[in-house]
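Asks: My questions all concern the structure below.
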Amino acid sequence: MDLGFIESKTYDEISVGDTARTEHVLTTEDAMAFASISGFHSMLNSEELLDRAGGIPPTGPNMWCASLISGLFSMNIPGPGCTLTNVSLAFHNRIHVGDRILVKVQVTGKDDATKSVTFDCQASNGDGASIFSGTAQLIAPPKKLRWSTLPVPELIVNNPYRHYLGLIARATSKPPVKTAVVWPCDEVSLGGAIQAYKDKLIVPVLVGSAAKIRGLADTLQLDLGAIQIVDIDVSRMAASKAVELARLGEVQMLMKGSLHTDELMSAVVSREGGMRTGRRISHVFALDVPSYHKTLFVTDAAVNIQPDLETKISILQNAIDMMVTLEVVNPKVAILSAVESVNPAIPSTLDAAALCKMVDRGQITGAIVDGPLAFDNAISSEAARIKKINSPVAGDPDLLMVPNLEAGNILFKELQYLAGALAAGVVVGAKVPIVLTSRADGELARMASCALGVLLAKPAPEPRPA
């Protein structure tokens, strides 16, 4: 292996006017690596990483840009052994993934008493716009140093939530969806709705106590601007009003705020609400599991507690239709139970067998379905091979259909807390998608839930001619 060498410049060898330059293009991999090392995780949620137009929050990317001057000091002037004592930079413009950044440092002064060297620091983008300017002071090494340069190991960046980022990117390519946010009267729900608005996923209609919403916005220093507020003083009445807006076509999606889920869903399923279709309403989680090779859907772990066979027909077809809308081609569905054999003592195995027969006869359409399957041989093709299970689904399911809410709730929380999964979710089977976020959801999970709803929402009806 050939090694190169770099040499430092001593204080006496440095002259006013000496200059060093570097160029670098900010890539998605750069941003992810910097976020991982520095803790600037907001870079992973930035608009550029989602291939959207416009600027990104300056803190993380600009700090990445500033780090380029460290390379010039350590590799060029003064070189190995120098000590940075002070740096002061002013940032003037945002940078974007794909921007070519040109960084220059130039010696502007020397202090013989302290052996300190002062540098002027400048950075600009490919269009010549200034990114930052400022000064830095360094102590040059007292004697010449010569260091070997080892090859830099290749850094492979693996974003564990790449499936969610792709989902959000697809949603942001669509027009924002007008969304009734029901009772956004705590920090998480109001802040999440405003963030989704800023990310151009939704156009919110805030349904709840105007006094509480405005007071909370002032406390959080959120600018509501021209966002519509429908003033309703009681959370249950706010749910009914939001459902009415959806029934009349004034909004195309519902989003839960800080009211209880039962309050919102009671309004949705009421005969007066008008949100019902010919199917039972159900819930689908979309899980981004870092160790799994694609988005993993789970149904129903939030709405139907102990579904019978008739309800499971709706649950399964709702989820299949959802995945087809999300452009999952020929989704593979594993119907879970405790075992993979039909056993009359375990009713869920009988339901699984009946559902598979309905698929065979075209009564349920749009997917490849197999069951009953235990979790191990649904997820692992090796487990299925050992148990001599010949299944087109084993090892590669898109959807796991659970036997009841208890099993589903345990499953998705295990995947969250033991496997590091992010869980986004949406209610389907109603006339509009309903986003049910949890207070424990982080920003990326909330964005992904909104993205699911946006991709499932139908376009607003065309206005009738006068």
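Asks: Assuming R0 = 22 Å, can you tell me the calculated FRET efficiency for the pair residue 130 and residue 85, based on Cβ-Cβ distance, to the nearest 0.05?
Replies: Working: r = 25 Å, r/R0 = 1.12.
Between residue 130 and residue 85 the formula returns 0.35.
Asks: FRET efficiency for residue 6 and residue 67, Cβ-Cβ distance as r, R0 = 22 Å, nearest 0.05?
Replies: Working: r = 18 Å, r/R0 = 0.84.
In this case the efficiency is close to 0.75.
Asks: Compute the long axis of helix 59-75 from its Cα atoms, compare it with the longest principal axis of the Cα atoms of the chain, and write down the angle in degrees, 0 to 90, nearest 10.
Replies: So the helix axis and the longest Cα principal axis differ by about 30 degrees.
Asks: Something else: Net charge near residue 247: determine it from the other residues with C-beta under 15 Å of the C-beta of residue 247, scoring Lys and Arg +1 and Asp and Glu -1. Write out the running numbers ahead of the final one.
Replies: Details: positive: 178, 241, 271, 276, 431, 458; negative: 244, 250, 272.
Summing Lys and Arg as +1 and Asp and Glu as -1 gives +3.
Asks: For the chain, build the charge dipole from Cβ charges (+1 Lys, Arg; -1 Asp, Glu) around the Cα centre, then report which of 298, 196, 365 sits farthest towards its positive end.
Replies: The residue sitting most towards the positive pole is 365.
Asks: So, one more: Arranged by the count of other C-beta atoms within 10 angstrom, fewest first, what order do 450, 65, 185 take?
Replies: Details: 450 30, 65 24, 185 20.
Starting with the residue having the fewest Cβ neighbours, the order is 185, 65, 450.
Asks: What is the antiparallel percent of DSSP beta bridges lying wholly in the chain, to the nearest 5?
Replies: Details: 51 of 77 bridges.
Bridges in the chain that DSSP calls antiparallel: roughly 65 percent.
Asks: On a full-extension model of 0.36 nm per residue, what is the gain between residue 100 and residue 236, subtracting their alpha-carbon distance, rounded to one decimal in nm?
Replies: Numbers: separation 136, 0.36 × 136 = 48.96 nm, distance 5.31 nm.
That works out to 43.7 nm of additional length.
Asks: Can you work out the FRET efficiency for the pair residue 330 and residue 460, with r the C-beta to C-beta distance and R0 = 51 Å, to the nearest 0.05?
Replies: Working: r = 31 Å, r/R0 = 0.60.
With R0 = 51 Å, the Cβ-Cβ based efficiency is 0.95.
Asks: Tell me, in nm to one decimal, what length is gained between residue 350 and residue 186 on full extension, where the rule is 0.36 nm per residue of separation less the Cα-Cα distance? Don't skip to the end; give the middle numbers.
Replies: Working: separation 164, 0.36 × 164 = 59.04 nm, distance 4.44 nm.
Length difference between fully extended and current span is 54.6 nm.
Asks: Let me ask something else about it. Any idea how far apart residue 147 and residue 341 come out in nm if each label point goes 7 Å out from Cα toward Cβ?
Replies: 6.6 nm
Asks: What's the extension gain from residue 270 to residue 382 if we count 0.36 nm per residue and subtract their Cα-Cα distance?
Replies: Numbers: separation 112, 0.36 × 112 = 40.32 nm, distance 4.63 nm.
Full extension from residue 270 to residue 382 adds 35.7 nm.
Asks: Sorted from fewest to most neighbouring beta carbons within 10 Å, what does the list 227, 335, 364 look like?
Replies: On the way: 227 17, 335 28, 364 20.
By the 10 Å Cβ count, ascending, the order reads 227, 364, 335.
Asks: So how far apart, in nm, are the two label points at residue 357 and residue 16 if each is 7 Å from Cα heading toward Cβ?
Replies: About 9.4 nm separates the two model spin labels.
Asks: Continuing with the same structure: Given points 7 Å out from each Cα along the Cα-Cβ axis, report the residue 211 to residue 92 separation in nanometres with one decimal.
Replies: Here the modelled spin labels are 5.0 nm apart.
Asks: State whether the stretch 234-287 is rounded, prolate or oblate according to the following rule on the C-alpha gyration tensor (a ≥ b ≥ c being the square roots of its eigenvalues): a/c under 1.5 gives rounded; otherwise a/b larger than b/c gives prolate, and the remaining case gives oblate.
Replies: Working: a/c = 1.43, a/b = 1.10, b/c = 1.30.
Rounded, because the longest to shortest axis ratio a/c is under 1.5.
Asks: Taking 8 Å as the Cα distance limit and 6 or more residues as the minimum spacing, I'd like the relative contact order of the stretch 162-456 as a percentage.
Replies: On the way: 605 pairs, mean separation 66.8, N = 295.
Once normalised by length, the contact order is 23 percent.
Asks: While we're looking at this one, here's another question. What span do the alpha-carbon atoms of the chain cover on each of the three principal axes, reported in whole Å from largest to smallest?
Replies: Here the spans come out as 88, 63, 37 Å, largest first.
Asks: So, one more: Taking only Cα atoms, what is the 0 to 90° angle, nearest 10, from helix 309-325's long axis to the longest principal axis of the chain?
Replies: 40 degrees
Asks: Given the pairs 9/115; 178/312; 200/256; 110/143, which are separated by over 23 angstrom at their Cα positions?
Replies: Flagged as over cut-off: 178/312.
Asks: Right, here's the next one. Would you mind ranking 313, 386 by Cβ crowding within 10 Å, fewest neighbours first?
Replies: 386, 313
Read-outs: derived from the displayed coordinates by stated rules, not from any lab. Model, not experiment: these values are computed from the prediction. Positions of Cβ are backbone-derived with ideal geometry, glycine not excepted, and every protein chain shown enters the neighbour counts.
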